[in-house]
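Enquirer: Have a look at this one.
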Amino acid sequence: MTYDHEVLVVGGGIVGLATALALTRERPGLRVGVLEKESAPATHQTGRNSGVIHSGVYYRPGSLKARYATEGAAAMVRFCREHGLPCEVNGKLIVATAAEELPRLAALAERGRRNGIPVRELTSGQISEYEPQAVGLAGLHVATTGSCDYTAVARTYAALAAERGAELRTGTEVLAIDRRADGVTVRTAGGELRCAVLVNCAGLHSDRLARLAGDDPGLRIIPFRGEYYELAAHRRDLVRGLVYPVPDPAFPFLGVHLTRGVHGDVHVGPNAVPALAREGYDWRTVRPAELAATLGFPGAWQLARRHWRYGLGELHRSLSKPAFTTAVRRLLPAVTAADLVPAPAGVRAQAVARDGTLLDDFAFAGFDPDRPGSTRRLVHVLNAPSPAATASLPIGREVARRALAALAAEE
């Protein structure tokens, strides 16, 4: 087979573009292509989040999330400063507002220390040193948390990769994949493209793309919509940096929080409700085939049975602005419903196993140089929700490592 690209990456979000950048850095002259079905890169998960540079305080010590978030946070700050992109390291305050949250807050502090993250435990009276309007029984300050503009970061990745010869094709959706012994053929509306190795960074569609390529990922991407408000311009001074509740460790969602962005806006949210389409950014967007596929997956029903109480609370906050405001006021009592202005929603691509388990770590599949007999010519990124943007540089290097090893195995 004659190749159009030696490595072809599907997905022009921040992870796919970080992978392309890593490939061109690791092997100059490598023919790399990136396919993005939208007219511009970074339009879905990358471009629809609050821009937080996560410190890694939440994640299980030794997990990929813990390793890549702590490494990635420092790398992201350096990258933004090196390329003149907006970036602030303004710290995060995690606040316990109920007695039952205090043990979880203490456990979070210990987890942060085990991950090598400097944390300061606060009494109720010390909370105001960082956020004068916040209240709680105790707090935790994480100085290494920050914020940036991930759309700008992703576009910079794309520009740097292009300077090294990578080709980004927007408006190019993958319709079919034919994997053969001598290569992989990808069919799009514009024709066929041939490559030696295909990398799946398709985010919300990563499981579907894996199945197109003939691999059964053993999981399903369940889309969860995160609905945001933002503080009205004249009330933005209520928040200096980032204010979070103590998360429930049973869920990958962090709860309604307040985040000051690098452009001066303050995001409030998100809640987390099942979306009725993979790109369902509001209740009106319904794609029957996608919804039927979700409802036909046993893991979706297991998840619903296990966590229906939590889900009802999220649904209530989605449908009721007063309920959403109440959640915010637990952290900042000065906020009123009138202070909250609707903001664009995002959708999280959350991988769920057949038994209803939420995957709590980044997950890769396909070719693995450390696992003899793994799938040839394909590398899949199957679970890369938050903090994937923070961790995009180390994730990109890991995916590139696998793709280059897959390429070497065929040469």
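The values are calculated or read from the model by the stated rules, or taken from the named source; none is laboratory data. Since the model is a prediction, treat every value here as computed from it, not as a measurement. Positions of Cβ are backbone-derived with ideal geometry, glycine not excepted, and every protein chain shown enters the neighbour counts.
Enquirer: Somewhere in the stretch 272-282, is a residue out of contact with any Phe, Trp or Tyr (no Cβ under 7 Å at 6 or more places or on another chain), among the basic types (Lys, Arg) and either part of a loop (DSSP other than H, G, I, E, B) or farther than 19 Å from residue 327 by Cβ (or both)?
Expert: yes
Enquirer: Does the stretch 335-358 include one or more residues that are β-branched (Val, Ile, Thr) and loosely packed, with under 14 Cβ neighbours inside 10 Å?
Expert: Taking the stretch 335-358 as the starting set, the residues that turn out to be β-branched (Val, Ile, Thr) are 335-336, 341, 347, 352, 357.
Now drop any that are not loosely packed, with under 14 Cβ neighbours inside 10 Å, which leaves 336.
Yes, there is a match, as at least one residue in the stretch 335-358 is β-branched (Val, Ile, Thr) and loosely packed, with under 14 Cβ neighbours inside 10 Å.
Enquirer: Now for a separate question. Would you say residue 104 is assigned to a strand (DSSP E or B) and either modelled with pLDDT under 95 or more than 27 Å from residue 201 (Cβ to Cβ) (or both)? First the steps, then the outcome.
Expert: Details: assigned to a strand (DSSP E or B): no; either modelled with pLDDT under 95 or more than 27 Å from residue 201 (Cβ to Cβ) (or both): yes.
So residue 104 fails the test.
Enquirer: For the stretch 17-25, check the following and say yes or no: at least one residue is under 18 Å from the mean Cα position of the chain (by Cα), free of Cβ contacts under 8 Å to residues at least 40 places away in the same chain and under 14 Å from residue 152 (Cα atoms). Steps first, please.
Expert: Just the residues of the stretch 17-25 that are under 18 Å from the mean Cα position of the chain (by Cα), to begin with: 17-20.
Adding the requirement that they be free of Cβ contacts under 8 Å to residues at least 40 places away in the same chain leaves none.
The answer is no; no qualifying residue exists.
Enquirer: Which of the residues that make up the stretch 112-126 are under 29 Å from the mean Cα position of the chain (by Cα) and outside any strand (DSSP E or B)?
Expert: Hits for the stretch 112-126 are 112, 113, 114, 115, 116, 117, 118.
Enquirer: How many residues does the stretch 109-140 hold that are surrounded by 22 or more Cβ atoms within 10 Å (Cβ to Cβ), within 25 Å of residue 267 (Cα to Cα) and of a type outside the set (A, V, I, L, M)?
Expert: Qualifying residue count, the stretch 109-140: 4.
Enquirer: Let me ask something else about it. Considering only residues that are among the small types (Gly, Ala, Ser), out of contact with any Leu (no Cβ under 8 Å at 6 or more places or on another chain) and outside any loop (DSSP other than H, G, I, E, B), which ones fall in the stretch 137-177?
Expert: The initial filter retains those residues of the stretch 137-177 that are among the small types (Gly, Ala, Ser), namely 138-139, 143, 146-147, 152, 154, 158-159, 161-162, 165-166, 171, 176.
If we keep only those that are out of contact with any Leu (no Cβ under 8 Å at 6 or more places or on another chain) too, we end up with 143, 146, 159, 171.
Correct list: 146, 159.
Enquirer: Look at the stretch 283-300 and say how many of its residues are surrounded by 13 or more Cβ atoms within 10 Å (Cβ to Cβ) and not in a loop (DSSP other than H, G, I, E, B).
Expert: Start the filter on the stretch 283-300 by keeping residues that are surrounded by 13 or more Cβ atoms within 10 Å (Cβ to Cβ), which leaves 283, 285, 287, 290-291, 293-294, 297-300.
Now restrict to residues that are not in a loop (DSSP other than H, G, I, E, B): 290-291, 293-294, 298-300.
Residues meeting the conditions: 7.
Enquirer: Taking only the stretch 337-362 into account, find how many residues are of a type in the set (A, V, I, L, M, F, W, C), within 22 Å of residue 301 (Cα to Cα) and assigned to a strand (DSSP E or B). It would help to see each step written out before you state the result.
Expert: Let us first name the residues in the stretch 337-362 that are of a type in the set (A, V, I, L, M, F, W, C), namely 337-338, 340-341, 343, 345, 347, 349, 351-353, 358-359, 362.
Okay, now just the ones that are also within 22 Å of residue 301 (Cα to Cα), so 347, 349, 351-353, 358-359.
Among the residues that remain, those that are also assigned to a strand (DSSP E or B) are: 347, 349, 351-353, 358.
The qualifying residues number 6.
Enquirer: OK, next. Looking at (1) at pLDDT below 95; (2) buried (at least 20 other Cβ atoms within 10 Å of the Cβ); (3) not acidic (Asp, Glu); (4) not in a strand (DSSP E or B), which one does residue 247 not meet, given that it meets all the others?
Expert: Evaluating residue 247 over (1) at pLDDT below 95; (2) buried (at least 20 other Cβ atoms within 10 Å of the Cβ); (3) not acidic (Asp, Glu); (4) not in a strand (DSSP E or B) leaves (2) as the failure.
Enquirer: Between 122, 137, 105, which is touching a residue at least 60 places away in the same chain (Cβ under 8 Å) and in contact with a strand residue (DSSP E or B) (Cβ under 9 Å, 6 or more places away or on another chain)? Spell out how you get there, then give the answer.
Expert: Values: 122 fails: touching a residue at least 60 places away in the same chain (Cβ under 8 Å); 137 fails: touching a residue at least 60 places away in the same chain (Cβ under 8 Å).
The unique qualifying residue is 105.
Enquirer: Determine whether residue 166 is over 22 Å from the mean Cα position of the chain (by Cα) and crowded, with 22+ Cβ neighbours inside 10 Å. Spell out how you get there, then give the answer.
Expert: Numbers: over 22 Å from the mean Cα position of the chain (by Cα): yes; crowded, with 22+ Cβ neighbours inside 10 Å: yes.
Taking the combined requirement at face value, the residue satisfies it.
Enquirer: Could you count how many residues in the stretch 211-244 are part of a helix (DSSP H, G or I) and either within 17 Å of residue 376 (Cβ to Cβ) or without any contact (Cβ under 8 Å) to a residue 12 or more places away in the chain (or both)?
Expert: Residues that pass the stated criteria total 5.
Enquirer: What residue, among those in the stretch 52-86 that are touching a helix residue (DSSP H, G or I) at 6+ places or on another chain (Cβ under 6 Å), surrounded by 22 or more Cβ atoms within 10 Å (Cβ to Cβ) and not aromatic (Phe, Trp, Tyr), is nearest to residue 151 (Cα to Cα)?
Expert: Among those that are touching a helix residue (DSSP H, G or I) at 6+ places or on another chain (Cβ under 6 Å), surrounded by 22 or more Cβ atoms within 10 Å (Cβ to Cβ) and not aromatic (Phe, Trp, Tyr), it is 53.
Enquirer: If you scan the stretch 322-336, which residues turn out to be touching a residue at least 24 places away in the same chain (Cβ under 8 Å), in a helix (DSSP H, G or I) and touching a helix residue (DSSP H, G or I) at 6+ places or on another chain (Cβ under 8 Å)? Lay out the reasoning, then the answer.
Expert: If we filter the stretch 322-336 for residues that are touching a residue at least 24 places away in the same chain (Cβ under 8 Å), which is where we start, we get 324, 327-328, 330-335.
Pick out the ones that are also in a helix (DSSP H, G or I) and you get 324, 327-328.
Within the stretch 322-336, 324, 327 meet the criteria.
Enquirer: Could you grab me the full set of residues in the stretch 169-210 that are at positive phi, crowded, with 18+ Cβ neighbours inside 10 Å and without any contact (Cβ under 8 Å) to a residue 60 or more places away in the chain? Please lay out each step first, then the result.
Expert: Filtering the stretch 169-210 down to residues at positive phi leaves 171, 183, 191, 203.
In the following step, the residues that additionally are crowded, with 18+ Cβ neighbours inside 10 Å were identified as 183, 203.
Of everything in the stretch 169-210, nothing turns out to be at positive phi, crowded, with 18+ Cβ neighbours inside 10 Å and without any contact (Cβ under 8 Å) to a residue 60 or more places away in the chain.
Enquirer: Something else about it: Residue 36 versus (1) closer than 30 Å to residue 3 by Cβ; (2) among the charged types (D, E, K, R); (3) over 24 Å from the mean Cα position of the chain (by Cα): which is the lone unmet condition?
Expert: Single failed check for residue 36: (3).
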